[in-house]
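One structure below.
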Amino acid sequence: MTEDIRNGLDSQELDLNKQEQACDSQGECATQGDDNEHKNHRVKSFVIRAGRMTNAQTKALEELSPKYAVDVSSLERLDTAAIFGREAPLVVEIGFGMGASFVEMAQKDPLRNYLGIEVHPPGVGACMMLIEEAQISNAKVIKYDAFEVLTKCLGPESIDILQIFFPDPWPKARHHKRRLVNPEFLKLVTPLLKHGGNIRMATDWQEYAEQMLECLNAAEGLENTNPSGGYIPRPEWRPLTKFEKRGERLGHGVWDLVFKRV
């Protein structure tokens, strides 16, 4: 990774963390999606906060989108073979953040196609910069609400692996309704998985991990890949992020889950 990209990622991650803390200290956040949320009565699992875009990220959104971004504004069914120029197993990741682990996984797994969904422009720009640097053709990004993409753009049994790593835990009790992983979400995504396909999750928030496990155990059509039940040991295929390393030094836990469609 070049020094400019690394510095850009570090500063952007710090900026996003500061926004999260400021928002939390105020108790509530004004969000871009609030009005629409009231209109369509769907509680969103994300908020789009005004954030600082680096010049490099802005340039990436402008110049690299034709190469690496998938336009889903029409909300029509995607032809992934046409998008990637080949037929290959499809990995979909919801909320890839700044994209470092997403791109690393795609780079190490060239036989699969990787499609990442993220709503935050700085992360999308940073991710495309990393894809360009890695010069890989099996990674594409979508800057859109994952709910809309999952319900309208991806068909039944189209996904081989669905990944959700470190989603916002929404720690305050009044915000738990915003958590991405819940029974309704699993009911939505399970039919999108191929039979034998996996859904992978990881979180560093224990109470959310317990909720994830409870929901997955109760979901029809899903089975824990851990024969003894519960969480799996940290998998080698999931890259260790900078924040996870820091959490380990501080004694924080991380819980991984892999369930398959049966």
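Please report the relative contact order for the range 148-262, taking Cα pairs under 8 Å with a sequence separation of at least 6, and give it as a percent rounded to a whole number. Before the final figure, lay out the partial values.
On the way: 167 pairs, mean separation 36.8, N = 115.
Across the range 148-262, relative contact order equals 32 percent.
How large is log10 I(q)/I(0) at q = 0.30 Å⁻¹ when the Debye formula is applied to the Cα atoms of the range 88-149, each weighted equally and without solvent?
Rounded to two decimals, the profile gives -1.33.
May I ask you to list the GluC sites (Glu not before Pro) in the range 205-262 that are in a DSSP loop and have at most 11 other Cβ atoms within 10 Å of their Cβ?
Working: sites: Glu207, Glu210, Glu214, Glu220, Glu223, Glu236, Glu244, Glu248; in loops: Glu220, Glu236.
Answer in residue order: Glu220, Glu236.
Separation between the Ala88 and Leu188 pseudo-spin-labels, each 7 Å from Cα along Cα→Cβ, expressed in nm?
With each label point 7 Å from Cα toward Cβ, the separation is 2.8 nm.
Placing +1 at every Lys and Arg Cβ and -1 at every Asp and Glu Cβ, with all other atoms neutral, what dipole size does the range 53-261 have around its Cα centre, in debye to the nearest 20? Could you put the intermediate results ahead of the total?
Values: 25 positive and 28 negative charges, 60 e Å.
Approximately 300 debye in magnitude.
For the range 73-114, which trypsin sites (Lys or Arg not before Pro) pass both filters: DSSP loop (anything but H, G, I, E, B) and at most 14 other C-beta atoms within 10 Å?
On the way: sites: Arg77, Arg86, Lys108, Arg112; in loops: Arg77, Arg86, Arg112.
Here the sparse-neighbourhood loop sites are Arg77, Arg86.
Take every DSSP beta bridge with both residues inside the range 53-261 and express the antiparallel ones as a percent of the total, to the nearest 5. Each step should come with its number before you reach the end.
On the way: 10 of 29 bridges.
For the range 53-261, the DSSP antiparallel bridge percentage is about 35.
Mind scanning Lys152/Lys242; Lys67/Lys187; Lys108/Lys143; Lys143/Lys242 and naming the pairs with a C-alpha gap bigger than 28 Å?
Numbers: Lys152/Lys242 34 Å; Lys67/Lys187 33 Å; Lys108/Lys143 23 Å; Lys143/Lys242 24 Å.
Checking Cα-Cα distances, Lys152/Lys242; Lys67/Lys187 exceed 28 Å.
Would you work out which of Ala81, Cys153, Pro227 lies farthest towards the positive end of the dipole of the range 53-261? Charges go on Cβ: Lys and Arg +1, Asp and Glu -1.
Pro227
Mind jotting down the three principal axis lengths of the range 53-261 based on Cα atoms? Whole angstrom, largest first.
46, 40, 34
Given contacts defined as C-alpha pairs under 8 Å and at least six residues apart, what's the relative contact order of the range 53-261, whole-number percent?
Details: 361 pairs, mean separation 42.1, N = 209.
With pairs under 8 Å counted, the relative contact order is 20 percent.
Bear in mind these aren't lab numbers, they're just calculated from the coordinates by the rules spelled out. From a predicted model like this one, the values you see are computed outputs, not experimental measurements. FYI the Cβ positions are ideal-geometry reconstructions off the backbone, even for glycines, and counts take in every protein chain you see.
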